[in-house]
Amino acid sequence: MADAAVDSVTPVPVVIVGAGPAGLMLAHLLGRAGIETIALDTRTRHEIETTQRAGILEADVARDLVETGVSDRILRDGYEHEGIELRFGGRAHRIDFRELVGESVWLYPQTDVFIDLADARERDGGTVRFGVADTEVLDITTDDPRVRYSTADGARHEIRARYVVGADGSRSMCRGLVPEDRRVRYGKEYPFAWFGILAEAPMSAPELIYAHSEHGFALISQRTETVQRMYFQCDPEESVDAWPDERVWETLQARVAGPDGFRLEEGPVFEKSVLKFRSFVQEPMRWGSMVLAGDAAHTVPPTGARGLNLALHDVKVLAKVLVRALGAEGENALDDYQPQALQRVWRAQNFSYWMTRMLHTAPGGSDYDLRRQLGELDNVVGTRAGRTYLAEQYTGWPTRPNA
């Protein structure tokens, strides 16, 4: 296919493979610096904005959306959370982020982040091409990489760029372009998954609840005043067909039950899914004229709410590096990208692993394992150092604390 004739050739400084939040944020930041980009995605815009994903944004990420001119809708439609609740032994323990580190997080679904970014690119005249097919990335070891793709009418197009960014998600095609003998992949599979639901119900709590119990983990989250997002630990091979609403609610209620009488608000469940857990990092994050960003380079289990935040941090760093690389410094500027990105990536990997192991009941776990987890949780909530550690990690190590 690479040798086939093309119907058009377009030159551009940077082409971005993947037009999810990471790819569009990079295009937005580069556009603000006067650098033209083209972003491509095999999915349609409708497909991306109707896929339910995580919804907690770090303090800096929320500020960046507003301050870089993407949108201030998060301030109107989002929910600022100044803490979370750890619930174990049937009792609630609140971690007050604002009191501990002077920051908060925002409940704002990834679908809304995407919509804001897609609208901003359209508003600013940026080029985004959704629903493309047969994408190829060529000549990345040269100074003249190319990306070829087909549109719905069957036409074949080519983009000639100086740099290619692979922001094409957890099933990335781009990361496979790094030669096998030159890449290292670190990974961990977890023996449990999350059974996720969307339900029509009032909020059960004003902030997220992370519940540990002998029956397994549960996360009580929110979406809106009338739609709630909740998860409970399950087997990775669990089938949603085996879970009628009544069984779902019985399981969730059992995992948050306690002597304080706390109960979840129930309602019709209109979406069910099983989310498998995996930790993954690929190094290097750059090969020739191609760099990787977001889930194309790394994924984390959702327990620590780091995935989207990590991706947006990657492109924040990458945008600055690409501006330098396209200027007087040349491609040597790209050498700064991986060290800066990976420092946060591995910190987030550790935090996500820690939260996951502390809160979930491992298959075949003993009474000792359960009691040890309770001791660890008691250490976290019972000491200021423990609470502060969690608050710093969860809010994303903010670089610009509020005055």
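Exactly one residue out of Arg185, Arg229, Arg223, Arg175 is part of a strand (DSSP E or B), open to solvent by less than 60 Å² (accessible area, probe 1.4 Å), touching a strand residue (DSSP E or B) at 6+ places or on another chain (Cβ under 8 Å) and of a type in the set (Lys, Arg), and it is Arg229. Only one entry of Lys276, Lys272 meets the criterion of being modelled with pLDDT under 95, under 15 Å from Phe195 (Cα atoms) and among the charged types (D, E, K, R), and that entry is Lys276. Taken over the range 281-302, the residue count meeting the criterion of being in a strand (DSSP E or B), open to solvent by 10 Å² or more (accessible area, probe 1.4 Å) and farther than 11 Å from Leu177 by Cβ is 3.
Of the candidates Gly196, Gly216, the single residue that is touching a residue at least 40 places away in the same chain (Cβ under 8 Å), outside any loop (DSSP other than H, G, I, E, B), touching a strand residue (DSSP E or B) at 6+ places or on another chain (Cβ under 6 Å) and not acidic (Asp, Glu) is Gly196.
What residue, of Asp134, Asp77, Asp139, is at positive phi, open to solvent by 50 Å² or more (accessible area, probe 1.4 Å) and touching a Phe, Trp or Tyr at 6+ places or on another chain (Cβ under 9 Å)? Asp134 is the lone residue from the list that is at positive phi, open to solvent by 50 Å² or more (accessible area, probe 1.4 Å) and touching a Phe, Trp or Tyr at 6+ places or on another chain (Cβ under 9 Å). Counting only residues that are of a type in the set (S, T, N, Q) and outside any loop (DSSP other than H, G, I, E, B), the range 1-48 holds 3 of them. Taking every residue in the range 73-90 that is without any contact (Cβ under 8 Å) to a residue 24 or more places away in the chain and pairing it with any residue that is surrounded by fewer than 16 Cβ atoms within 10 Å (Cβ to Cβ) and assigned to a helix (DSSP H, G or I), at least 6 positions away or on another chain, the pairs with Cβ-Cβ distances below 7 Å are Leu75/Val66.
Only one of these is in a loop (DSSP other than H, G, I, E, B) and not small (Gly, Ala, Ser): Phe270, Phe262. Name it. Before you say what the answer is, go through the steps one by one.
Working: Phe270 fails: in a loop (DSSP other than H, G, I, E, B).
The match here is Phe262.
The values are calculated or read from the model by the stated rules, or taken from the named source; none is laboratory data. Keep in mind the model is a prediction, meaning the values are calculated, not measured. Every residue, glycine as well, gets a Cβ built from its backbone with ideal geometry; the counts of neighbours run over all protein chains shown. These accessible areas exclude ligands, DNA and RNA; they are computed on the full protein's heavy atoms, side chains included. Shrake-Rupley method; radii C 1.70, N 1.55, O 1.52, S 1.80 Å.
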